[in-house]
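Structure, as structure tokens:
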Amino acid sequence: MKILFYLPTADSAAWQRDFVRALPEAELREWRAGDTAPADFAVVWRPPRELLAGRDDLRAIFNLGAGVDAILALEHDQPGTLPRNVPLIRLEDTGMAPQMAEYVTHAVLRYLRRFDEYQTLQRERRWEVLEPHPRGTFTVGVLGLGVLGAHVAQTLASFGVPVRGYSRSARQVDNVTTFAGEAQFDAFLDGVQVLVNLLPHTPDTRDILNARTFAKLARGARLINVARGAHLVEQDLLDALASGQLAAATLDVFRDEPLPHDHPFWQNPRVTITPHVSALTLREDSVAQIARKIEALRRGEAVGGIVDINRGY
Ligand code: NAP
Ligand code: GLV
């Protein structure tokens, strides 16, 4: 069994070592430009077009992340890039759901308990007690109820705040009021105090965090974007923060990463920035899941996490 491997990060060698340990019978090789030799599986993150184009020999392509937007952009820009009949398989959770729940819960509780405002008061050496937000009306809306969004929504509900969730098809999540499809989008947004984005980046969801969306939220609402930078119309966020329609934003993902030095977000006191770390790809869990799926496919069994290319996630 031959595996093509491509991960353009400094820890690529450690990943390759762990894959070889998990699949000792596999012949794993790092892809280099010009490599068209046969392979059975590809394990990749943000691969160049040449790696995938015409690769009909593959039995599956594994994406080393939950989001497949970078791979699907290759197909979108040049249809036919992805080999037909070769499943594209993404990571499912692999330890990302608890990390996402920690990150989002921290940000929501920070806003609920007004720690962001106390931080400002501290800088000004002001001893002032702020009126607490009533928990019962501090509604959190989670966009996306997939592997990550459903777990985040459920975790938030355990803190007693009202939680809403939004997905494409109807979903049921314990203790979460769910909404589905464009027809219910405005009802989902209406009066939300904290909007959390955990949608995949697709043509339907690009720019979804825009002025119209912000206008439907409660005045002074907060935004937490942990999905993709392309979901957010950045100028609309800056305008909403300036007008007071939004009070604050916690952003983990950006259109340009790393966020450019001169970007206005850096200087905005209402914006909290982290460098795309809300849910890291954990090596041990990810290698184990992919190795299990490769073994299952070789036995002719079905596996989860297959991307619907037309749907975009
Ligand atoms: P997932 O399991 O595929 O879930 C996607 C959810 O979004 C589903 O509930 C889906 O609806 C919903 N959805 C998709 N298109 C929609 C639309 N047009 N309108 C309404 N709902 C829509 O994905 P996941 O594993 O939870 O991951 C979500 C995203 O998180 C990834 O795509 C990635 O971009 C991002 N992510 C970020 C980080 C980070 O560190 N910042 C880490 C991991 C992942 P249905 O339920 O009806 O299908
Ligand atoms: C990270 O952003 C991922 O999509 O896994």
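The values are calculated or read from the model by the stated rules, or taken from the named source; none is laboratory data. As the structure is a prediction and not an experimental result, all values here were calculated from the model. Don't worry about glycine lacking a Cβ; one is built from the backbone with ideal geometry, like all the others, and counts go over all protein chains shown.
Quick notes
Let's see how each residue does on (1) closer than 29 Å to L280 by Cβ; (2) out of contact with any Gly (no Cβ under 7 Å at 6 or more places or on another chain); (3) within 12 Å of ligand 1 (Cβ to nearest atom):
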{"residue": "A97", "(1), (2), (3)": "yes, yes, yes"}
{"residue": "F115", "(1), (2), (3)": "yes, yes, no"}
{"residue": "Y118", "(1), (2), (3)": "yes, yes, no"}
{"residue": "T137", "(1), (2), (3)": "no, yes, no"}
{"residue": "G165", "(1), (2), (3)": "yes, no, yes"}
{"residue": "T177", "(1), (2), (3)": "no, yes, no"}
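- Checking F188, F214 one by one, the residue that is more than 15 Å from ligand 2 (Cβ to nearest atom), part of a helix (DSSP H, G or I) and under 28 Å from P98 (Cβ atoms) is F188 and no other.
- Only one entry of L52, L64 meets the criterion of being within 15 Å of the chain's Cα centre (by Cα) and buried (at least 19 other Cβ atoms within 10 Å of the Cβ), and that entry is L64.
- Any chance R84 is away from ligand 2 (no atom under 16 Å from the Cβ) and touching a residue at least 12 places away in the same chain (Cβ under 8 Å): yes
- Just one of the listed residues (D11, D77) is without any contact (Cβ under 8 Å) to a residue 40 or more places away in the chain, among the acidic types (D, E) and surrounded by fewer than 19 Cβ atoms within 10 Å (Cβ to Cβ), and it is D77.
- The stretch 44-67 residues that are within 23 Å of G95 (Cβ to Cβ) and within 15 Å of ligand 2 (Cβ to nearest atom), paired with ones that are of a type in the set (D, E) and assigned to a loop (DSSP other than H, G, I, E, B) (beta carbon under 9 Å, 6 or more apart): A66/E92; A66/D93
- Pairs with Cβ under 9 Å, 6+ apart, first in the stretch 300-313 and loosely packed, with under 13 Cβ neighbours inside 10 Å, second among the β-branched types (V, I, T): G304/I89; R311/T202
- Failed criterion for L72 (all others in (1) in a helix (DSSP H, G or I); (2) surrounded by fewer than 16 Cβ atoms within 10 Å (Cβ to Cβ); (3) within 16 Å of ligand 2 (Cβ to nearest atom); (4) not assigned by TED's automatic domain parsing to the domain that holds L148 hold): (2)
- Residue count for the stretch 232-251 under the criterion of being in a helix (DSSP H, G or I) and buried (at least 23 other Cβ atoms within 10 Å of the Cβ): the result is 2.
- Check on A291, over 23 Å from H106 (Cα atoms), of a type outside the set (F, W, Y) and part of a helix (DSSP H, G or I): yes
- Residue match in the stretch 252-263 (condition: part of a helix (DSSP H, G or I) and either within 16 Å of ligand 2 (Cβ to nearest atom) or at pLDDT 95 or above (or both)): no
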